[in-house]
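These notes are about the structure you will find just below.
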Amino acid sequence: MEGRISEAQKANREPRVNRVVSGDGEETTEVARLLHQLVTEVARVHRNDSDAAFPSNPCSREELATALPKWKRFIDLAVVTLLFPVWLPVMTLVAVWVAVTSPGPIFYRQPRIGFKGRRFMLVKFRTMKVNAETHIHEAYLEHLIVSDRPMIKLDATGDPRLILGGKFLRATGLDELPQIFNVLKGEMSLVGPRPCTVGEFERYAPEQRARVNALPGLTGLWQVNGKNRTTFRQMIEMDIFYSRNISLALDIKIMLRTLPAIAVQFFDTVQPLPRSGAQPTPPVKT
């Protein structure tokens with residue numbers, strides 16, 4: 001009895017960590033088991049498994065044909081192929097810049113919400129320092145959703161999380177160039193609503209989720225109609241309008257207006273808009 005009591009007292013003095021027995025009889029901590037589950041979940045995200053942490057919604061071929069008609073897919077592939085001599089050298093230069101100016105991975109991958117709520121892995125150039133905190137951006141985004149203020153990026157106020165030149169890459173949209181590979185895979189189109197994050201989609205009201213009834217795009221109606229000068233509500237309205245009025249003429253107009261819109265966005269980043277109150281937004285141009 002004395003021996004058993006002393007063993008019990010010794011066990012009570014040890015750190016209280018739950019233990020499980022592995023298949024070979026060795027003990028392993030509960031923490032190790034949880035870490036194993038985490039690694040497994042990350043692997044599922046990279047494989048785009050449907051049973052991952054963010055479930056996807058199935059869609060029929062008819063729905064996909066409406067969102068991505070043959071003419072739209074043809075334009076995506078044709079434009080990407082024809083501009084190959086342009087975007088490949090630019091992507092190479094940006095990749096070298098990120099690698100030289102900031103230690104860490106060149107690309108940043110993040111689960112995003114695509115067509116009909118299906119999750120996919122979006123790729124972009126990393127413009128923030130490794131292990132940068134994200135709660136600041138999440139809190140700011142939540143504020144924009146509930147307020148009626150222009151969606152001015154945190155970049156305009158001098159975000160310290162950005163790498164050297166990160167503000168320029170984001171203002172010019174160069175950080176989004178790797179999403180060309182998402183377009184080639186059919187997860188995105190050249191024109192469509194910007195793919196939102198999982199957390200943002202969870203905050204959408206039921207009627208706002210109609211925004212994902214179109215394939216996400218590199219550029220879109222919202223981007224060429226003010227973008228940072230518009231409110232969250234206006235962005236949702238424009239993207240829903242596009243999803244209900246997809247046409248060849250509308251896509252061509254949006255693509256032709258993309259470069260001028262990027263120039264305006266860059267100017268707004270250099271000289272940010274005042275943050276007090278929403279700015280008047282011109283009528284949606286189609």
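The values are calculated or read from the model by the stated rules, or taken from the named source; none is laboratory data. It should be emphasised that the depicted structure is a prediction, and the values quoted were computed from it without experimental measurement. We work out accessible area using only protein heavy atoms, side chains counted, and drop any ligands, DNA or RNA first. Shrake-Rupley method; radii C 1.70, N 1.55, O 1.52, S 1.80 Å.
Computed quantities for the displayed model
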quantity: Solvent-accessible surface ranking, highest first, for R170, R244, R233 at 1.4 angstrom; calculated: R244, R233, R170
quantity: Rounded to the nearest 10 Å², the accessible area of K129 at probe 1.4 Å; calculated: 110
quantity: Probe 1.4 Å, protein heavy atoms only - accessible area per residue of segment 225-268 in square angstrom; calculated: 50
quantity: Y108 accessible area, assembled protein chains, probe 1.4 Å, Å²; calculated: 90
quantity: √(5λ) per eigenvalue of the Cα gyration tensor, segment 201-253, largest first, Å; calculated: 18, 14, 9
quantity: Solvent-accessible area of L164 with every protein chain in place, 1.4 Å probe, in Å² to the nearest 10; calculated: 120
